[in-house]
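Please treat every number below as a calculation from the coordinates, not as lab data. All values derive from a computational prediction rather than experimental measurement. All Cβ positions, even for glycine, are placed from backbone atoms using ideal geometry, and neighbour counts span all protein chains on display.
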């Protein structure tokens, strides 16, 4: 191989790995600079575009994320390689409430991989945003079945059962998850809301103490609704708990 080609390949790998490490470490502003530098030198790399899109998504630049994922999709020659940027683009579109576009991206994946757990889960989240609890419950069930240990999908399914009014089944599933995964905050937070609604105040307080120690985002109702995609009944019950409003 020509020495110049070796040098370019070495520089490409160095810049890519450096930007990727900053992304993994959560230094997103620095990671964005790194991906900008990489793409300025190597604009034909589709993985670089997708990775920069992921960083822009985290930084709240959803339009920029969509543009980067679209560029990545256009450049990847194989449909198999296009699955992840379609998934990532759908998430950015969903953040902008572009439901039709997000659904199209998730369905593009599911037409090719019907048991893709992430597309099933994300489409379930979209259905929650649209208020379609029954279809969301089915999608979360499929996502959970497609990938063993997909705790968020299992917890989301239990939340849909909760929203649909079957408190006994929801409580049973949430307790099962917590028994096996005691450090999983989402199911504990959901059980807190459900127990408070049932009048089991002491046990609700006990589970909430664990939630706060594990993940304090559950006090942020905007995050709970728009990012985590809880449905309204559990959210309202958790709000009642936080306000100490007894049913």
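Structure data summary
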item: Verdict on residue 223 being part of a helix (DSSP H, G or I) and under 22 Å from residue 127 (Cβ atoms); result: yes
item: Which listed residue is farther than 16 Å from residue 183 by Cα and over 17 Å from the mean Cα position of the chain (by Cα), from 214, 242, 224; result: 242
item: Within the stretch 189-220, considering residues that are on the phi < 0 side of the Ramachandran plot and not in a helix (DSSP H, G or I), the one surrounded by the fewest Cβ atoms within 10 Å (Cβ to Cβ); result: 220
item: Lone qualifier among 125, 121 - being under 26 Å from residue 234 (Cβ atoms), under 16 Å from the mean Cα position of the chain (by Cα) and touching a residue at least 60 places away in the same chain (Cβ under 8 Å); result: 125
item: Test result for residue 154, buried (at least 19 other Cβ atoms within 10 Å of the Cβ), in a helix (DSSP H, G or I) and within 19 Å of the chain's Cα centre (by Cα); result: yes
